1. Find how much the distance from Asp290 to Lys632 grows on full extension, using 0.36 nm per residue of separation minus their present alpha carbon separation; answer in nm with one decimal.
2. Over segment 312-458, what is the mean sequence separation of C-alpha contacts under 8 Å (at least six apart), divided by residue count, expressed as relative contact order in percent?
3. How many nm is it between the label spots at Lys125 and Glu26, if each spot is 7 Å from the Cα in line with the beta carbon?
4. Would you kindly state how much longer the chain becomes between Ser5 and Arg590 on full extension, computed as 0.36 nm times their sequence separation minus their alpha carbon distance, in nm to one decimal?
5. Using a cut-off of 10 Å between beta-carbons, work out the net charge of the residues near Ser346 (Lys and Arg +1, Asp and Glu -1, Ser346 not included).
6. Using 0.36 nm times the number of residues separating Ala608 and Cys649, minus their current alpha carbon distance, what extension gain do you get?
7. Hey, with R₀ at 35 Å, roughly what FRET efficiency would Thr62 and Arg364 work out to, going by the Cβ-Cβ distance, to 0.05?
8. Counting only protein heavy atoms and using a 1.4 Å probe, what share of the accessible area of segment 1-121 belongs to carbon plus sulfur, as a whole percent?
Amino acid sequence: MADPSSYRPKPGQIPDSPGVYKFRDEHRRVIYVGKAKNLRQRVANYFQDLANLHPRTRTMVTTAASVEWTVVSTEVEALQLEYSWIKEFDPRFNVKYRDDKSYPYLAVTLNEEFPRVQVMRGAKKKGVRYFGPYGHAWAIRETVDLMLRVFPVRTCSAGVFKNAERTGRPCLLGYIGKCSAPCVGRVTPEEHRDLAEDFCDFMAGRTGTYIRRLEKDMMQAAEEMEYERAARLRDDAGALKRAMEKSAVVLADATDADLIAVAEDELEAALQIFHVRGGRVRGQRGWVTDKVEAVDTSGLVEHALQQLYGEERGDAVPKEVLVPALPEDTEAVSQWLAERRGSQVSLRIPQRGDKKDLMATVQRNAQQALGLHKTKRASDLTTRSRALEEIAEALGLDTAPLRIECYDISHLQGDDVVASMVVFEDGLARKSEYRRFQIKGFEGQDDVRSMHEVIGRRFRRYLQEKERTGEWEEQPTGTPTGPAPTGPVPGPVPAAGPAVGDGEPTAVAEDTEPREDDGRPKRFAYPPQLVVVDGGQPQVAAAKRALDELGIDDIAVCGLAKRLEEVWLPDDDDPVVLPRSSEGLYLLQRVRDEAHRFAITYQRAKRAKRIRTSPLDDVSGLGETRKQALIKHFGSVKKLRQATIDEICEVPGIGRRTAESVAAALASTAPAAPAVNTATGEIIEEDDGGSS
């Protein structure tokens, strides 16, 4: 625990301008980001008597080891920079709202030649028009199914669309009139885009125009005795009305607004947002957060506005935002919202009428969400705390191991030997800190030697980071910098590591240069309180020996053997046996199983990549497209190997020099003898996919 006076800036050193400040811990990790109209007044408040500080603020300043700041020109720039840094550094003491699920949106891909209507989740893409979010994907599909009668926009995937273009036959929706079939030229790209834009207008709340137009056309068709057409138009109008009924009118004046309500207690807060478009509730979502900083309702609202609109532009920011409490600097936040929308945004507290009544409904939803969240989490928090206490007691640790790292070795009969490192903090998996290793020190199968190598490499990098950041040296008290740009602050590009596997973070320890000291998470900067290895006494001894060789004696080590689920400690001849019902044993098992899953996933990916290799991979300048063209033209690698250079040159895109390189590569890898199935005696031909 640091003494804030040890890094307090000198009097007069902090400017009295608007700006953003960062607190860093002893590892130079950014733990808190804040903004201020007057940096000198705001930062000085953190260095008063600890007894006068809020308990959470006190924890933050005693965890920090330095403070620094950046001066900006205006309060709006400070708001934007604060949001950018919170997103970039993910500080542990800042409020961060967590979505309780991934909400589906109704999306129209206006960035394509033939726009497509579909359900989308995740990050929003440029050029796509979004409506929602919705509570369930089936609600979107029901709405779309009704609207396709009137707006027959494409809903098929790119593969289905291209297949229809190739065959000249539309899909089923094209035959039943729920798609205008642009794939076979029934409508032009311009006509189809008009349909998509009409669909978007209707979803945006401009509904009356289309229903009145359909009813007018229906009456005209009836007068002209075109009764079949009139009946179809009647059904179309009915379908649009049923689609509108799925979202009831809540505000009679066709308002576009977002309503935000907060329910909170001393420890947590729940947020509910209702998205009202055209006077109807078009979407709803909820967030929860731990109150890790001393923050009131207005502060929670400000953080919510940053997260809700930080990545949005244009109509995604509504004309009106209704909140339970105004942010501290309402004028700056309103100006920031207006810049993102491109026009004025009204940020206010509803005082009377329908908007106040609807806000009460949103507030009830927030209260219910907070109660449900606390009910779910109470037992979970208790269980995790008990598990960590049991582990500390069983292993003789002074404190509960809040950070646990587990290592596992995986291979297939000595080939593709890899290792995994998984991290659990406070009993929960921290997947952004997972790492993967390739064993480099030797060839073959030796789990004990592999474990020694991996532990040595991981903690050698930890010592390098510790030395590089000057942890033993006195930290600077303040490092004022010049004016910052108004947009997101670009960070240094991390050194590249092999990215193989299931998409989770990867690294090969000791082979990449450390990233610059920018406060973002580094590869191996933070030590655990406990290292768990998958294995028994030999693996534990190897891990302990690796730590001893590096002079590290303040990290506990244990191993969990699969056979009897025994916990092994260094230099002990007998294992520690935890009760089968122990929460501590259950947590260790989960950590060990996660390390095993992560390791075997990486090992399988490496093996699959090796198996999929082809002799064509070694041909310089031959990309994937031309490789596929060669295989498609000749049918297999075997037939390609038998082709002459002139025959290879006949493939579109293959010149003579490339053809000579292909022929040489295939000649050098020609099989000495055909493969034989030893059970049947059958000669096995090369497959047509080109593997060898």
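The values are calculated or read from the model by the stated rules, or taken from the named source; none is laboratory data. This structure is a prediction, so every number in the text was calculated from the model and none was measured. FYI the Cβ positions are ideal-geometry reconstructions off the backbone, even for glycines, and counts take in every protein chain you see. The accessibility values were calculated without ligands, DNA or RNA, using every heavy atom of the protein model including side chains. Shrake-Rupley method; radii C 1.70, N 1.55, O 1.52, S 1.80 Å.
1. 117.4 nm
2. The value is 14 percent.
3. My value for the distance between the label points is 4.7 nm.
4. Taking 0.36 nm per residue and subtracting the Cα distance, the gain is 206.4 nm.
5. Once all neighbours under 10 Å are counted, the net charge is +1.
6. Full extension of this stretch gives 11.6 nm more.
7. Calculated value: 0.35.
8. 46
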